[in-house]
Amino acid sequence: MFNKRVFRKLIAGDTPTIDDLEGIDFSAVKSLRQLRDIESTGVDAETFGSIFFETFTTITSDDRTIALVPRGETVDVTFDNRREYVDLVLQYRLHEFDRQAAAIREGLATIVPLHFLSLHTAEELEELVCGKADIDVALLQSITEYSGCAPSDPHIQNFWQIMQAFNNAERSAFIRFTWGRSRLPLNAAGSTQRFKIQSFNKSPPDQYFPLAHTCFFSVEMPRYSSLEIMRDKLLYAIFNCEAIDGDDTATGMAVAAMGWDEEEEE
């Protein structure tokens, strides 16, 4: 499994630790820690071989088996060499992506002096590059424009009430539905594209779903008759239309048949 936390640390020039690995592969780290100090459980050199049958190999992130030492597949892990084995597994797992991280750092160095990266933690660097994982509704409102509707319209007020009530996963899914990404920029000043809510005039509105244009970070919002109907329609749309460029799918063709294809950007 790809370890994003470890990779972020490598990009930032920080040193990953076993605690970082534990956050993504708890069971593996727990097993390695138990193996290192297995004598505390009453296991000794005589009984070790009857309960542990590993060799000096480990599994890569793409499910390949690699040797930790020359011909590691023929070298058994024993009570005496178990700690060497644990160290080698951790060394590999924590530095599996060193080459890729170095290439990215080299690319970043053409834009940002590398010593500036060391001023930030891995988490801070991720936030600067990718935006905040938590969707700030107030920030979204501050960068919103309206076309054919107004903030005082009942269905627009219902929309913002629903967004406030959504959990972060639902808010993130909405941003992905309307923009093709799952995070907002850090602040309004860093937003290169404003969110637009447009009118949707087909009738009866309760029979239609909201229509997103991801290229323009916009959504056509029907004037639903109630908050409950709008919430249901939004939830269905954001969790059942997660991929852009889906015009050639059965769903895309069905949408086109309903007359929505003239301006569709999904």
Legend entry - Count of the range 82-106 residues which are of a type in the set (S, T, N, Q) and free of Cβ contacts under 8 Å to residues at least 12 places away in the same chain: 1
Legend entry - Selected residue (only one of D62, D76, D80 is under 21 Å from the mean Cα position of the chain (by Cα), open to solvent by 90 Å² or more (accessible area, probe 1.4 Å), among the charged types (D, E, K, R) and farther than 20 Å from D14 by Cβ): D62
Legend entry - Looking only at the range 83-112, and only at residues there that are in contact with a helix residue (DSSP H, G or I) (Cβ under 8 Å, 6 or more places away or on another chain) and farther than 24 Å from L125 by Cα, the one that is surrounded by the most Cβ atoms within 10 Å (Cβ to Cβ): Y85
Legend entry - Test for T58: is it in contact with a strand residue (DSSP E or B) (Cβ under 6 Å, 6 or more places away or on another chain) and more than 30 Å from P113 (Cα to Cα): no
Legend entry - Residue list for the range 118-135, filter: aliphatic (A, V, I, L, M) and closer than 23 Å to A173 by Cβ: V129, A133, I135
Inset, instruction - State all residues of the range 29-59 that are among the small types (G, A, S) and either assigned to a loop (DSSP other than H, G, I, E, B) or modelled with pLDDT under 90 (or both); if no residue qualifies, say none. - result: G42, G49, S50
Legend entry - Odd one out for D62 among (1) part of a loop (DSSP other than H, G, I, E, B); (2) of a type in the set (D, E, K, R); (3) at pLDDT 90 or above: (3)
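Matching residues to (1) closer than 29 Å to F116 by Cβ; (2) surrounded by 15 or more Cβ atoms within 10 Å (Cβ to Cβ); (3) among the small types (G, A, S):
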| site | (1), (2), (3) |
| --- | --- |
| F7 | yes, yes, no |
| T15 | yes, no, no |
| I18 | yes, no, no |
| V29 | no, yes, no |
| L32 | no, yes, no |
| D37 | no, no, no |
| T41 | no, no, no |
| F48 | no, yes, no |
| I51 | no, no, no |
Inset, instruction - Please enumerate the residues belonging to the range 113-123 that are open to solvent by 50 Å² or more (accessible area, probe 1.4 Å) and in contact (Cβ under 8 Å) with a residue 24 or more places away in the chain. - result: L114, S118, H120, T121, E123
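Can you tell me how many residues in the range 161-178 are closer than 15 Å to Q141 by Cα and open to solvent by less than 20 Å² (accessible area, probe 1.4 Å)?
Counting residues in the range 161-178 that are closer than 15 Å to Q141 by Cα and open to solvent by less than 20 Å² (accessible area, probe 1.4 Å) gives 6.
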Inset, instruction - Name the one entry in E73, E127 that is outside any loop (DSSP other than H, G, I, E, B), within 30 Å of E46 (Cβ to Cβ) and among the charged types (D, E, K, R). - result: E73
Legend entry - Flag if G131 is under 22 Å from the mean Cα position of the chain (by Cα), on the phi > 0 side of the Ramachandran plot and in contact (Cβ under 8 Å) with a residue 60 or more places away in the chain: no
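The values are calculated or read from the model by the stated rules, or taken from the named source; none is laboratory data. The shown structure was predicted, so the numbers you read here are calculated from the model rather than taken from an experiment. Positions of Cβ are backbone-derived with ideal geometry, glycine not excepted, and every protein chain shown enters the neighbour counts. When the accessible area is computed, the model is the full protein with side chains, heavy atoms only, and any ligands, DNA or RNA have been set aside. Shrake-Rupley method; radii C 1.70, N 1.55, O 1.52, S 1.80 Å.
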